[in-house]
1. HN-Hα J couplings of the range 299-309 from phi, Karplus 6.51/-1.76/1.60, θ = phi - 60°, integer Hz, Gly and Pro as x?
2. Report, to the nearest 10°, how far helix 560-569 tilts away from the longest principal axis of the Cα atoms in the chain, using its own Cα long axis and a range of 0 to 90°.
3. Mind listing the long-range amide H neighbours of Ser339? Cut-off is under 5 Å, sequence gap 5 or more, other chains count too, H placed in the peptide plane at 1.01 Å from N.
4. Compute, for Leu546, the solvent-accessible surface of its heavy atoms (probe 1.4 Å) with the complete set of protein chains present, and express it in square angstrom to the nearest 10.
5. At 1.4 Å probe size, what's the solvent-accessible area of Val141? Round to the nearest 10 Å².
6. Residue by residue, what Karplus-based ³J(HN,Hα) values in Hz, rounded to whole numbers, does the range 470-486 have, using 6.51, -1.76 and 1.60 with θ = phi - 60° and x for Gly and Pro?
7. Taking Rh as the Kirkwood radius, which is the inverse of the mean 1/r over Cα pairs, what is the Rg/Rh value for the range 147-294?
8. Order Tyr278, Tyr76, most accessible first, counting only protein heavy atoms with a 1.4 angstrom probe.
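The values are calculated or read from the model by the stated rules, or taken from the named source; none is laboratory data. Everything numeric in this text was worked out from a predicted model, so none of it was measured. Virtual Cβ from ideal backbone geometry, glycine too; neighbours counted across all protein chains shown. The area values use the complete protein model at the heavy-atom level, side chains included, leaving out ligands, DNA and RNA. Shrake-Rupley method; radii C 1.70, N 1.55, O 1.52, S 1.80 Å.
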Amino acid sequence: MFRLFRYLRGYVKESVVGPLFKMLEACFELFVPIVMANMIDVGIKNSDTGYIWRQCALLISLGVLGFACSITAQYYAAKASMGLGTALREELFSHMNRLSYTELDQIGTPTLVTRITSDVNQVQTSVNLLLRLFLRSPFLVVGAVVMAYMISHKLTVIFLIAVPLIGLSIFAIVRVTIPIYRRAQESLDRVMRQTRENYTGARVVRAFSRQKEEMAAFSETSLELRKIQMNAGRISALMNPITYVLVNLAIIAILMQSGREVDRGFLSQGEVIALVNYMNQILIALVALANLIITVTRGWASAGRINEIFDTCPSMTDDGNKEQFTEKSAPAVSFEKVSFTYARDKAPSLCQISFCADQGETIGVIGGTGSGKTTLINLIPRFYDASEGKVLVMGHETKEYPFWQLRKMIGIVPQKAVLFAGTIRENMCWRKPDATDEEIWEALSIAQAREFVESKPDGLKEHVAAGGRNFSGGQRQRLTIARALVGSPKILILDDSASALDYATDAALRKAIRENTKGCTVFLVSQRASAVRHADQILVLEDGTLAGTGTHEELLENCRVYREICQSQFSGEEVETSE
């Protein structure tokens, strides 16, 4: 938790003023029992109505001043805690974006979402209460003990015994609940994961009539979360009764002992009332402190989870990398004995891959499911670093480029078409923020998307829902292809990005790309042999190894894997014709 306090740097004044005003409120509150004692011992005892009214006015003044201090303190505490939450959320989001695919794969999306939302909110709430109550409650307890000492030295012993006992009971409960709240947040991660899976896969769940099973699984996870929270709640609930019992026992002891002191003339009735009021103030302060500790305990667990993300350092950085001057005569992409193994995997996903793609060439990448096609093209924009070997782009190793320069040269269309909420124009400008309408329409024409975009009432201003839900699968794919084409990338990667297109549109798309992207190196990743047959060079992958490389005709003659793929997709006559 203390590590996160650095996000209060811009709110030093608020962090100081808030607690100070709370302490000032506590000072006014400590004077109340003394005023009450004077009202009883002087005003009521002497039947002095004027004095009583003056003391009532003083009590009202103390209440108004305390209220003003409380409002001021809460304003500054809220401002500081909100500032911390905003800064923490922004820094956490920025750090997540610096993590490589390796770390993101290991951590997982649901837990990242929980930590940047629920955990940050919990820390923010804890800081708010800390600034308001952390100094006020102890100050009120200590002040009440000091004021009691000024009234009666003997009776202060009761205060000195009761306060440590209450403090120990609170500490014991807090120590037990910290790990429970941590488990509760981890259980919340699982609830988030199931919610996300069922939301994104709602159609699949209904297609297989799995609603009951999914509801049962979600109910089981929710019940587990409830069980953990109930367990923590039961333990935390012990805090109030324990503190109330101890404080009331102390009040009984005060009344018994003070009765004797009053009989002896060492104490007045007003002072007895003041001592009881001070003990009640201690009770209220410690109950508030107990609730604060419960909240801070949860915040402490959440802070630990947030710090785990901050402690996860990106395995890939571009620190110190300077802009590289690309070599015009160098190959666009070159793999030199490249091997790659995913984190936590024992077997490599790619093994000793070597090939060279010249500038302006079209490279087809084909292979069965799990053969390593997507893994191979993910190494080009440096989403991952090769475990062995070198990946070179335009004559320089990918590790030498700053990320912005490397990825500016590359247009990527992932397997899953991803669009963002906004307009079509805003989505088209992701690679080139200052792209003109002419550039966008040209990219849409190449991607075979111009016709349906023009048919929209608002054209380029047409609204895009989150994830592109208001477009069909084929339309989303064509829009993502157009987005990658805007800005004329030197390398274009199409990772099975035409799977939702019919054969005619797919053929028209490939023809348009071939004719309108002169000088651009195109990687076509597909399981369709028809999609890559006209490529200048075809890479055939099998279980992470390069089974063959060459043209369509060469591979039909020399590569068994490619020939089997073609035979499974074409009729015998089509294979013979292609030969």
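1. Running phi through 6.51 cos²θ - 1.76 cosθ + 1.60 with θ = phi - 60° gives x, 5, 5, 5, 4, x, 5, 5, 5, 4, 5 Hz.
2. That works out to roughly 90 degrees.
3. Excluding prolines and chain starts, which carry no amide H, the hits are Gln352, Ile353, Ser387, Glu388, Gly389.
4. Surface accessible to solvent at Leu546 totals approximately 50 Å².
5. Accessible area, nearest 10 Å²: 10 Å².
6. 8, 10, 6, x, x, 5, 4, 5, 5, 5, 5, 5, 4, 4, 5, 7, 4
7. On the way: Rg = 25.3 Å, Rh = 19.0 Å.
Over the Cα atoms of the range 147-294, Rg/Rh equals 1.33.
8. Values: Tyr278 0, Tyr76 55 Å².
My answer, sorted largest first, is Tyr76, Tyr278.
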